[in-house]
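Structure first, then comments.
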Amino acid sequence: MSAKIIDGKAFAAEVREKVAGHVSRLKEVHGITPGLAVVLVGDDPASEVYVRNKGKQTLEAGMNSYEHKLPEDTPEADLLALVKQLNADPAVHGILVQLPLPQHIDEEKVINAITPDKDVDGFHILNVGLLGTGQKAMVPCTPLGCLMMLRDHHGSLSGLNAVVVGRSNIVGKPMAQLLLRDSCTVTIAHSRTKDLADVCRRADILVAAVGRPQMIPGDWVKPGATVIDVGINRIPAPEKGEGKTRLVGDVEFDSAAQVAGAITPVPGGVGPMTIACLLANTVTACCRANNLPEPEGLTA
Ligand code: NDP
């Protein structure tokens, strides 16, 4: 194996430590405690785990955590009323509505009801527009985490060829915008892209955000490239016992690690950075709300 393994778990711990440092200064110097409100509708087990982890890490960073659990059949109007209440609450600096929402609720309507300054997921249409026009925005957590790891590894990204496989609103598109802002030459690939292997082979930076287990083999990777694997896929693992599973990314790790210069593993790569960046965004939102300088190294 030749690639450097980018340790997202260790990097996320560093980000959380920086966040905790900023939080303690905000408390001591300004008497402000950043607060994150997380709203969960329904009882999807995976979402419950995410929400629990977010709450735990928010408290560990010294911030206030406000959890709102609503039943599956909550009317859209009730959810919108809660969002309105959180928008007006000065103790809440960040609001996250856990997705997916039940089918009877219009996700876009709910996301766009969050005040953009508290939209720590960065999904509000105004934040999407601000990011796209190179202005100060709340940046979606997963791409922000990828960007932090890339900047840490490369220093400057200027002039590098970046290929983002996947064009979703939550990962692919904002990732491409961030790379463009850092002066990469960016290609966005998707399910209709022709000669995907060829496109990938041109990438100095290859970001895979597809959701297809091990779809990208090592021979699609340019020698020395940096590979960021966003995919989280659960596959059967009979070697661990009957009915057991394991997590893999969108990249075939073993073969890609033979050629890449650096690569993020799954698990332990992008995943841990996502919650760390949620905490970072909450501190940023808190500083902006109080007209204080933004925390260095925690924003795009
Ligand atoms: P989406 O399903 O919203 O988007 C997937 C994208 O992949 C689409 O743009 C789709 O193209 C493209 N795609 C699908 N099949 C192919 C193919 N054969 N060749 C090329 N492109 C293809 O997924 P998300 O962006 O939400 O998530 C992607 C992955 O990242 C998932 O595994 C998800 O679990 C993971 N994830 C991880 C996070 C983390 O914290 N680490 C956070 C968020 C997501 P088209 O638009 O043409 O359909």
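The values are calculated or read from the model by the stated rules, or taken from the named source; none is laboratory data. Every value quoted in this text rests on a predicted model; they were computed, and no experiment measured them. Virtual Cβ from ideal backbone geometry, glycine too; neighbours counted across all protein chains shown. Calculation scope for accessible area: heavy atoms of the full protein, side chains included, ligands and nucleic acids excluded. Shrake-Rupley method; radii C 1.70, N 1.55, O 1.52, S 1.80 Å.
Using a cut-off of 28 Å between Cα atoms, the listed pairs Lys194/Lys244; Lys173/Lys194; Lys18/Lys136; Lys118/Lys222; Lys136/Lys194 include Lys194/Lys244; Lys118/Lys222; Lys136/Lys194 as exceeding that distance. Give me the log10 of I(q) over I(0) for the stretch 12-118 at q = 0.11, 0.14 Å⁻¹, as the Debye formula computes it from C-alpha points; what are the numbers? Scattering profile of the stretch 12-118, log10 relative to I(0): -0.37, -0.58. Helix-only arithmetic for the chain: the sum of -39500 (n - 2.57) across DSSP H runs with n ≥ 4, divided by the residue total, places the mean residue ellipticity at 222 nm at -12500 deg cm²/dmol.
Test of the criteria: in the stretch 139-220, which trypsin sites (Lys or Arg not before Pro) are in a DSSP loop and have at most 14 other Cβ atoms within 10 angstrom of their Cβ? Present the calculation step by step, with values, prior to reporting the outcome.
Numbers: sites: Arg151, Arg167, Arg181, Arg192, Lys194, Arg201, Arg202; in loops: Arg167, Arg192, Lys194, Arg202.
Of the trypsin sites (Lys or Arg not before Pro), the ones in loops of the stretch 139-220 whose Cβ has at most 14 other Cβ atoms within 10 Å are Arg192, Lys194, Arg202.
Residues of the stretch 51-88 with an amide N closer than 19 Å to a point placed 7 Å from the Cα of Gln103 along the Cα-to-Cβ direction: 71-77. Remark: the Thr193-Asn64 segment gains 42.0 nm on full extension, using 0.36 nm per residue and subtracting the alpha carbon distance. Treating r as the C-beta distance of Arg246 and Lys4 and R0 as 22 Å, the FRET efficiency rounds to 0.45. Spin-label pair Arg25-Arg181: with each label point 7 Å from Cα along the Cα-Cβ axis, the two points sit 2.1 nm from one another.
Per residue, the stretch 157-234 exposes 47 Å² of solvent-accessible protein surface, assessed with a 1.4 angstrom probe and all protein chains in place.
Taking the inverse of the mean reciprocal distance over all distinct Cα pairs, the Kirkwood hydrodynamic radius of the chain comes to 19.8 Å.
In the elastic network of the chain, a GNM with C-alpha springs shorter than 10 Å, the most mobile of Ala260, Ala37, Ala197 is Ala197. Each label point was placed 7 Å from the Cα along the Cα-to-Cβ direction; for Thr133 and Ser168 their separation is 2.8 nm.
Taking a Cβ cut-off of under 12 Å around Ala300, the surrounding Lys, Arg, Asp and Glu residues balance to a net charge of +1, with basic ones at +1 and acidic ones at -1. Each peptide in 64-75, 242-253 gets a packing score, the mean of other Cβ atoms within 10 Å over its residues, and the list from highest to lowest is 242-253, 64-75. Based on alpha-carbon atoms, the Kirkwood radius and the radius of gyration of the stretch 146-300 give Rg/Rh equal to 1.01. Here each label is just a point 7 Å from Cα along the line to Cβ, and for Asn291 and Asp73 those points are 4.9 nm apart. Unpaired cysteine residues in the chain (no second Cys Cβ under 4.7 Å): Cys146, Cys184, Cys200, Cys286, Cys287. Annotation: peptides 105-111, 234-240, 136-142, ranked by per-residue average of other Cβ atoms within 10 Å with the highest first, follow the order 136-142, 105-111, 234-240. Note on Asn53 and Ser156: the extension gain reaches 33.8 nm, defined as 0.36 nm multiplied by sequence separation minus the Cα-Cα distance. Expressed as a whole percent, the accessible area of the chain that falls on carbon and sulfur atoms is 51 (1.4 Å probe). Which one of Ala209, Ala176, Ala289 has the biggest mean-square fluctuation once the chain is modelled by GNM with Cα springs under 10 Å? Ranking Ala209, Ala176, Ala289 by mean-square fluctuation puts Ala289 first. Relative to the current alpha-carbon distance between Asp254 and Gln85, full extension at 0.36 nm per residue lengthens the span by 56.0 nm. When DSSP beta bridges are restricted to pairs lying wholly in the chain, around 10% turn out antiparallel.
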